[in-house]
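What follows is a single structure, written as structure tokens, with notes after it.
The values are calculated or read from the model by the stated rules, or taken from the named source; none is laboratory data. Given the structure is predicted, the values throughout are model-derived calculations rather than measurements. Note: ideal-geometry Cβ built from the backbone for every residue, glycine included; neighbour counts use all protein chains shown.
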Amino acid sequence: MERFISVDAGKFATKSVEYDLTNNKIIKSSFRTKICDGDMRDDALESGTILVNLNGKTYKIGNGARGNGAELTTTKMADIHKICMLSAIAQFASSDEIDTINCAIGLPASEWANVSKREDYKAFMFSDEEVVIQIRTDNSMNITEKRFRFGKTFVFPESIGALYMNDSPSIDQNSYVGVIDLGNLNLNATLWQGVELLVDDSVTDELGGNILTRGLAAELSSQFSRVNEAMVTNILSQPSEYRFLSNNSEDIKNESAKVIKRYLLDHTRAIKRDCDSKKWPLDYMTLICIGGTSVVLSEELKEVFGDNITILENSYYCNALGFLRIMCAKLPEIKRIIEFNEG
């Protein structure tokens, strides 16, 4: 069977999307980008966890994997990303035939702009050989073997997906569009004219969610009792009016709320300084924000950048959906902008 799949190999999560050509539907999947040695006999798989056997080695992937996940470095050329990508594809692949997988993946824009790095990454991630992978997704102990080969493959710049979402502002070929992509490690602030990347006017900085969480935990710990990153993650998952340290003391609640708000604003101002460093005409351009951290900072982003910023609703899958839409438009079998009808 011929399949059409895109994978966004994120530092926090691996997101994948398949386009079902027959039914004109898309199917989404994701799991944590965490990996450790596994055992196919494991009868206590945690939720959001899979076991795979690839090239004779078994891996446990997802929430239940031990360790800290992908290394917080800009490069994506790492075994963890390759194994997670192949495992994501295997979840979609047939169990009774050898599939042909047309696949799109992404690189940070600064890496993508270097042709040698782009081609090296493509060669690293996509094998010329048939991929054979065994997979277990639950505690039923059923092991399924998947076999597939890669067909047409693509590497796109991360953040381009924002230009292809249904809720993105309308863009013409002369429009200047800034995309602020806030991932787990990096801020990727990319400037586009239409859909052409302006590499020299784009910037990457370590201002993603992990950096925010770590810094805020240290700030709160310096003023109150020790606060760890898990506590901060929980606080930031709450609506803004509930972002404070839980305590019977009203003084601690009120003061911690001020510290958190001030820190989030300072972090957002640092993002704006990166855009200013490239002399973005912020008052006269379209701004789009994606990535999980953009949801956390939605109020602060609007305070700092103004009302002309659009925070996309589907930012979690934005890059994967965008890669898929661009790939399908390029392939002669489809050659159109696909709809995002979920199956």
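Suppose we filter segment 222-255 for residues that are polar (S, T, N, Q), within 27 Å of the chain's Cα centre (by Cα) and outside any helix (DSSP H, G or I); how many remain?
3
Residues in segment 13-49 that are outside any strand (DSSP E or B), crowded, with 21+ Cβ neighbours inside 10 Å and of a type in the set (Lys, Arg): how many?
Going through segment 13-49 one residue at a time, the tally reaches 1.
Could you tell me which residue of segment 156-170 is modelled with the highest pLDDT, considering only residues that are over 15 Å from residue 315 (Cα atoms) and touching a helix residue (DSSP H, G or I) at 6+ places or on another chain (Cβ under 6 Å)?
156
Give the residues of segment 12-45 that are more than 19 Å from residue 103 (Cα to Cα) and touching an Asp or Glu at 6+ places or on another chain (Cβ under 8 Å), sorted by residue number.
The answer is 45, and nothing else.
Name the residues in segment 15-60 that are among the β-branched types (Val, Ile, Thr) and more than 22 Å from residue 95 (Cα to Cα), would you?
33, 35
Is one or more of the residues making up segment 156-175 in contact with a strand residue (DSSP E or B) (Cβ under 8 Å, 6 or more places away or on another chain) and assigned to a strand (DSSP E or B)?
yes
Quick one: is residue 259 out of contact with any His (no Cβ under 6 Å at 6 or more places or on another chain), buried (at least 16 other Cβ atoms within 10 Å of the Cβ) and either under 22 Å from residue 187 (Cα atoms) or at pLDDT 95 or above (or both)?
yes
Is it true that some residue in segment 136-149 is in contact with a Leu (Cβ under 7 Å, 6 or more places away or on another chain) and under 30 Å from residue 187 (Cα atoms)?
no
Kindly check whether there is at least one residue in segment 180-198 that is touching a Leu at 6+ places or on another chain (Cβ under 9 Å) and farther than 21 Å from residue 317 by Cα.
Checked against the condition, which is being touching a Leu at 6+ places or on another chain (Cβ under 9 Å) and farther than 21 Å from residue 317 by Cα, segment 180-198 yields at least one hit.
Can you pull out the residues in segment 166-184 that are farther than 14 Å from residue 286 by Cα and surrounded by fewer than 24 Cβ atoms within 10 Å (Cβ to Cβ)?
Matches in segment 166-184: 166, 184.
Which residues, taken from segment 234-251, are under 17 Å from residue 300 (Cβ atoms) and surrounded by 14 or more Cβ atoms within 10 Å (Cβ to Cβ)?
Once the filter is applied, which keeps residues that are under 17 Å from residue 300 (Cβ atoms) and surrounded by 14 or more Cβ atoms within 10 Å (Cβ to Cβ), segment 234-251 yields 235, 236, 240, 243, 244.
Residue 121 versus (1) farther than 22 Å from residue 27 by Cβ; (2) in contact with a Gly (Cβ under 6 Å, 6 or more places away or on another chain); (3) not in a strand (DSSP E or B): which is the lone unmet condition?
So the condition that residue 121 fails would be (2).
Which condition number does residue 335 fail, the rest of (1) under 17 Å from the mean Cα position of the chain (by Cα); (2) in a loop (DSSP other than H, G, I, E, B) being met?
Among (1) under 17 Å from the mean Cα position of the chain (by Cα); (2) in a loop (DSSP other than H, G, I, E, B), the lone unmet condition for residue 335 is (1).
Output the residues belonging to segment 124-151 that are of a type in the set (D, E, K, R) and in a loop (DSSP other than H, G, I, E, B).
Result: 128, 129, 130, 138.
From the residues in segment 185-201 that are among the aliphatic types (A, V, I, L, M), under 20 Å from the mean Cα position of the chain (by Cα) and assigned to a strand (DSSP E or B), which one is surrounded by the most Cβ atoms within 10 Å (Cβ to Cβ)?
Ranking the qualifying residues of segment 185-201, first place goes to 189.
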